[in-house]
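Have a look at the structure below, then the notes.
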Amino acid sequence: MGFTGLFLILFLIVHVTINACIFLNDHGQTFNAVAHFMGTNILVHFLELGLFVGLILHIVQGWIIWSSNSKKRPVKYAVWGAKANSHWYSRSMGLLGTLIFIFLVIHLANFWAPNRYHYVVHGEELNLFERMKAVFSHPGVVLIYLGGLVSLSYHLMHGFQSAFRTFGMNSRRYIPIVKGIGVAFAIIVPVLFALMPILLYFKVIS
Amino acid sequence: MHITLKVWRQKNQQDPGHFETYQLDNVNEDMSFLEMFDVLNDKLIREGKDPVAFDHDCREGICGMCSMYINGRPHGPLKGTTTCQLHMRHFKDGDTIVVEPWRAAAFPVIKDLVVDRSAFDRIMQAGGFISVNTGSAPDANTIPVEKDKADAAFAAAACIGCGACVAACKNSSAMLFVSAKIAQLALLPQGQPERKTRVLNMIAQMQKEGFGSCSNIGSCEAECPKEIPITFIAKANSEYLKAMLAADLPE
């Protein structure tokens, strides 16, 4: 889980950096140029394949662990005081992961799939900036995206530092630093992503 | 104090079990939680009923035998405390207290609040030992131990193997217990001969016993009566990875 999780975190950094180009408010010119490079570069296509493999592995590993762990307490407690000893999001990684997965399916159906289809059929990519403007003109879609990003934020809040613990990081000096970076990452990245549908919906970026 | 107790009663491992409610008057606030159970059992015996079976031994917080899950928390609401060191002054007059056994597939209920924790013994037998020469006792301090390492090993050795970590964990994982034992011996010079085989064997036995996988939730650390930190789990993960990647013997 830790290895695939960190791999997906690296992808998030790349994704948020590219998408942040829309904040330049240059009618999407920089964003479309970078998106075009990412969509047509052969090396990126290989990395994309690796990304899908990593994502599927992360989901499968998570499902196996959840499925196995859920059988380890056949008789449940009548009174369960977990909220006194742990964060709800640390105990709800399976649920948060499922919400992120649903969000991802919607997200890929909105952008990745139509773009690939258009490329295969017409030999050129969609204008993804125009596509973003069209998709995020619907308030319902914006709310779904915000819900997905809240789930991502809490998933990262636990997952980031947990991955480092899985790899054996136990230094009293570095664990607080990793925790701090994890919390910052879990807030900054989803907030940057969330600003995109919000600013496009309110036409701050156009 | 007047206390209403809802206690899990189960005749044996096959019995599905149920809660029974008992009313206790005149509970002294200076009683320990176990002494309150002594009073309850005295009352039940006088009434010709079966007393509640519960584990206890030293009653001074060092043996790890007491194992009650009180109002949703292993060893009750007090931090860093075993059930035997929990006193009734931490409850209010008129409180209803729900008492359950540790619940985990690897800790089957023997009777009422008594669970079988021999899985921990088998994990210890798999690797929680060191090799020493027989004969006269070696002189103390013959082997130098770095102060920081000695302190960390001592902190890990504080684990009393009560099983609260398993009881508190959403996944019923025993990693806090196992990691404390692995770390304690890996930190000391005396633990070096079996360092790699120890971690592999203890983790394998833990999985064989049917404990869940750790997902670093941290409830074990919060509920541990000896306040063992989960940094030991990361230490055990590190030991495990090193042992997996670098076997001592050529294969």
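Would you confirm whether any residue within segment B:113-123 is within 12 Å of the chain's Cα centre (by Cα), among the aliphatic types (A, V, I, L, M) and under 29 Å from B:Val52 (Cα atoms)?
Yes - at least one qualifying residue is present in segment B:113-123.
Looking at segment B:20-39, which of the residues that are farther than 19 Å from B:Asp55 by Cβ and out of contact with any Leu (no Cβ under 9 Å at 6 or more places or on another chain) is least open to solvent (accessible area, probe 1.4 Å)?
B:Val27
Taking segment A:23-47 as the search range and keeping residues that are touching a Leu at 6+ places or on another chain (Cβ under 8 Å) and among the aromatic types (Phe, Trp, Tyr), which one is surrounded by the fewest Cβ atoms within 10 Å (Cβ to Cβ)?
Looking at the filtered set, the residue picked out is A:Phe23.
Restricting attention to strands (runs of 3 or more DSSP E) lying wholly within segment B:1-84, give those where 3 or more residues are of a type in the set (Val, Ile, Thr).
Values: elements: B:3-9, B:18-24, B:68-70.
Answer list for segment B:1-84: B:3-9.
Can you say whether A:Gly54 is out of contact with any helix residue (DSSP H, G or I) (no Cβ under 6 Å at 6 or more places or on another chain), closer than 26 Å to A:Glu125 by Cβ, outside any loop (DSSP other than H, G, I, E, B) and open to solvent by less than 60 Å² (accessible area, probe 1.4 Å), as far as the supplied structure shows?
For A:Gly54, the condition - out of contact with any helix residue (DSSP H, G or I) (no Cβ under 6 Å at 6 or more places or on another chain), closer than 26 Å to A:Glu125 by Cβ, outside any loop (DSSP other than H, G, I, E, B) and open to solvent by less than 60 Å² (accessible area, probe 1.4 Å) - is not met.
Within segment B:17-39, how many residues turn out to be within 14 Å of another protein chain (Cβ to nearest Cβ) and among the small types (Gly, Ala, Ser)?
Number of matching residues: 1.
Quick test for you: out of B:Cys165, B:Cys159, pick the one residue that is assigned to a helix (DSSP H, G or I), modelled with pLDDT of 95 or more, surrounded by 20 or more Cβ atoms within 10 Å (Cβ to Cβ) and under 15 Å from the mean Cα position of the chain (by Cα).
Answer to the selection: B:Cys165.
Residue-by-condition table, conditions (1) within 14 Å of another protein chain (Cβ to nearest Cβ); (2) part of a helix (DSSP H, G or I); (3) over 23 Å from A:Gln161 (Cα atoms); (4) open to solvent by 30 Å² or more (accessible area, probe 1.4 Å):
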position	(1), (2), (3), (4)
A:Tyr77	yes, no, yes, no
A:Leu108	no, yes, yes, yes
A:Val121	no, yes, yes, yes
A:Leu126	no, no, yes, yes
A:Glu130	no, yes, yes, yes
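From (1) away from every other protein chain (no Cβ under 14 Å); (2) open to solvent by less than 10 Å² (accessible area, probe 1.4 Å), pick out the condition that doesn't hold for B:Arg117.
Going through the list (1) away from every other protein chain (no Cβ under 14 Å); (2) open to solvent by less than 10 Å² (accessible area, probe 1.4 Å), B:Arg117 breaks only (2).
B:Cys220: in a helix (DSSP H, G or I) and either outside the structural domain of B:Glu60 (by TED's automatic domain parsing) or open to solvent by less than 50 Å² (accessible area, probe 1.4 Å) (or both), yes or no?
So B:Cys220 fits the description; yes.
Any idea which residue in segment B:40-57 is nearest to the other protein chains (Cβ to nearest Cβ), counting only those that are free of Cβ contacts under 8 Å to residues at least 40 places away in the same chain and open to solvent by less than 10 Å² (accessible area, probe 1.4 Å)?
Result: B:Leu40.
Do you know which residues across segment B:58-70 are under 14 Å from B:Leu113 (Cβ atoms) and either in contact (Cβ under 8 Å) with a residue 40 or more places away in the chain or surrounded by fewer than 12 Cβ atoms within 10 Å (Cβ to Cβ) (or both)?
B:Met65, B:Cys66, B:Ser67, B:Met68, B:Tyr69
Within segment B:177-214, restricting attention to residues that are over 22 Å from the mean Cα position of the chain (by Cα) and not charged (D, E, K, R), which residue is least open to solvent (accessible area, probe 1.4 Å)?
From segment B:177-214, those over 22 Å from the mean Cα position of the chain (by Cα) are B:188-197; that's our starting set.
Narrowing the set further to residues that are not charged (D, E, K, R) leaves B:188-193, B:197.
On the way: B:Leu188: 41, B:Pro189: 49, B:Gln190: 72, B:Gly191: 1, B:Gln192: 74, B:Pro193: 93, B:Thr197: 80 Å².
Only one residue tops the list, namely B:Gly191.
As an exercise: evaluate A:Gly168 against (1) part of a helix (DSSP H, G or I); (2) open to solvent by less than 40 Å² (accessible area, probe 1.4 Å) and give the number of the one condition it does not meet.
Against the list (1) part of a helix (DSSP H, G or I); (2) open to solvent by less than 40 Å² (accessible area, probe 1.4 Å), A:Gly168 comes up short only on (1).
Restricting the search to segment B:223-245, which residues are more than 8 Å from chain A (Cβ to nearest Cβ) and in a loop (DSSP other than H, G, I, E, B)?
Scanning segment B:223-245 gives B:Cys224, B:Pro225, B:Lys226, B:Glu227, B:Ile228, B:Pro229.
Could you please find all residues in segment A:88-105 being within 12 Å of chain B (Cβ to nearest Cβ), open to solvent by 70 Å² or more (accessible area, probe 1.4 Å) and touching a helix residue (DSSP H, G or I) at 6+ places or on another chain (Cβ under 7 Å)?
Correct list: empty.
Could you list, in sequence order, the residues of segment A:136-145 that are surrounded by 18 or more Cβ atoms within 10 Å (Cβ to Cβ) and touching a residue at least 60 places away in the same chain (Cβ under 8 Å)?
A:Phe136
The values are calculated or read from the model by the stated rules, or taken from the named source; none is laboratory data. Predicted model, so just to flag it, every value in this text is computed and none were measured. Cβ sites come from the backbone with ideal geometry, for glycine too, and all protein chains shown count toward neighbours. Heads up: the accessible areas ignore ligands, DNA and RNA and are worked out on the full protein's heavy atoms, side chains in. Shrake-Rupley method; radii C 1.70, N 1.55, O 1.52, S 1.80 Å.
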